[in-house]
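This report refers to the structure that appears directly beneath it.
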Amino acid sequence: QIGGVCSTNAGGLRFCRFGSLLGNVTGLEVVLGTGEVLDLMNTCRKDNTGYPLRQLFLGAEGTLGVITKVCMAAAPLPRSVQVAFLACDSIDAVCETLKLAKSEINEILSAFELVDANAMGSIMDMSVMAGKDMGMATDYPYYVLIETYGSNEDKDRESLSAFLEKAMDEAPALQGRMPVVDGVVAQDNKQAAELWHVRELCPVAASEAGYVHKYDLSLSLRQWDAFKNEVAERLSAHPQGGG
Ligand SMILES: Cc1cc2nc3c(=O)[nH]c(=O)nc-3n(C[C@H](O)[C@H](O)[C@H](O)COP(=O)(O)OP(=O)(O)OC[C@H]3O[C@@H](n4cnc5c(N)ncnc54)[C@H](O)[C@@H]3O)c2cc1C
């Protein structure tokens, strides 16, 4: 799947830390339609020798040639991983939480994933979640999974706690409301994996709940509520309904 992920310039759950393939592929070999082999292999991240040709092929979906070799920068595995699953009562509170995370724990932030009430409802209805206790209410409007990748367990835990303390304090930008109203911090790797599992159940729960049409959309977080409401309104006129 390496050729596929390069050709779609894919990004994953840790996009906010590592970006898409565009920033991590250092070299390529491509066979053009003419049969010519283009050698753009390079192991150095920095290459400013003329036109950045390899970037043309990342995201081209195979239209410009077939990728036959790839050289990628691989990040070292983190020594310390912290995970928190937090509840927010509005999209403004989610935005404020992200802003706070970027100012308080930016250097270790590795994931910031949003789960809305519809998704959470579908997940909690799944048989695999029957009898599972999330450690907090599961009917808040929004949840965010925050993960940090770092190299010092004690320091990272301390930074996450300091961030959470601020996130659970009244925020002037929210007219005195708190960005985060509830949450769980994983105490060990097992609990961290369980919290990630909830996030990863989103697409599975959506498929179980009915018809799924998937689109990759990039839009500003502040536009999310208006977008979601308009989609729900348009789909409600459809025989299968929508949500
Ligand atoms: C526009 C787009 C964006 C996507 N973004 C993401 C994302 O951000 N994160 C994510 O996880 N998944 C993303 N996907 C899903 C993505 O297709 C798969 O993650 C990955 O491509 C699967 O690899 P595959 O080898 O099965 O590719 P396929 O599904 O077989 O092909 C995917 C595309 O890549 C081309 N392609 C495949 N192999 C090569 C090759 N060797 N050389 C040149 N072109 C090739 C194909 O022609 C096709 O256009 C995206 C898909 C598309 C179409």
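Residue count for the stretch 158-180 under the criterion of being over 21 Å from the mean Cα position of the chain (by Cα) and either on the phi < 0 side of the Ramachandran plot or modelled with pLDDT of 95 or more (or both): the result is 14. Within the stretch 51-62, no residue that is not assigned by TED's automatic domain parsing to the domain that holds residue 23 and of a type outside the set (D, E, K, R) sits with its Cβ atom under 6 Å from a residue that is within 7 Å of the ligand (Cβ to nearest atom) and not in a loop (DSSP other than H, G, I, E, B) at 6+ positions apart or across chains. Checked against the criterion of being surrounded by fewer than 17 Cβ atoms within 10 Å (Cβ to Cβ), within 17 Å of the chain's Cα centre (by Cα) and closer than 27 Å to residue 201 by Cα, the stretch 79-101 contains one or more residues that satisfy it. The stretch 1-117 holds helices (runs of 4 or more DSSP H) entirely within its bounds, and those carrying 2 or more residues that are of a type in the set (Val, Ile, Thr), away from the ligand (no atom under 12 Å from the Cβ) and in contact with a Cys (Cβ under 9 Å, 6 or more places away or on another chain) map to 91-104.
Out of the residues in the stretch 195-205 that are of a type outside the set (A, V, I, L, M) and touching a strand residue (DSSP E or B) at 6+ places or on another chain (Cβ under 9 Å), state the one that is nearest to residue 153 (Cα to Cα).
196
The single residue among 153, 147 that is buried (at least 19 other Cβ atoms within 10 Å of the Cβ), touching a residue at least 12 places away in the same chain (Cβ under 8 Å) and of a type in the set (Asp, Glu) turns out to be 147. Candidates are the residues of the stretch 189-243 that are within 19 Å of the chain's Cα centre (by Cα) and of a type in the set (Val, Ile, Thr); the one that is surrounded by the fewest Cβ atoms within 10 Å (Cβ to Cβ) is 204. In the set 150, 183, only one residue is closer than 30 Å to residue 226 by Cβ, in contact with a strand residue (DSSP E or B) (Cβ under 6 Å, 6 or more places away or on another chain), modelled with pLDDT of 95 or more and not hydroxyl-bearing (Ser, Thr, Tyr); that residue is 183.
Scan the stretch 162-188 for residues that are assigned to a loop (DSSP other than H, G, I, E, B), without any contact (Cβ under 8 Å) to a residue 60 or more places away in the chain and among the aliphatic types (A, V, I, L, M) and the total you get is 1.
Filtering the stretch 115-141 down to residues that are under 23 Å from the mean Cα position of the chain (by Cα) and farther than 18 Å from residue 207 by Cα, which residue is surrounded by the most Cβ atoms within 10 Å (Cβ to Cβ)? Selected residue: 140. When 191, 223 are screened for being in a helix (DSSP H, G or I) and either over 29 Å from residue 132 (Cα atoms) or touching a Pro at 6+ places or on another chain (Cβ under 7 Å) (or both), only 223 passes. Anything in the stretch 189-217 that is in contact (Cβ under 8 Å) with a residue 24 or more places away in the chain and of a type in the set (A, V, I, L, M)? List them, or say none. Passing the criteria: 192, 195, 198, 201, 204, 205, 206, 209.
The values are calculated or read from the model by the stated rules, or taken from the named source; none is laboratory data. As the structure is a computational prediction, the values presented were derived from the model and not from experiment. When we count neighbours, we look across all protein chains shown, and the Cβ atoms used for this are built from the backbone with ideal geometry, even at glycine.
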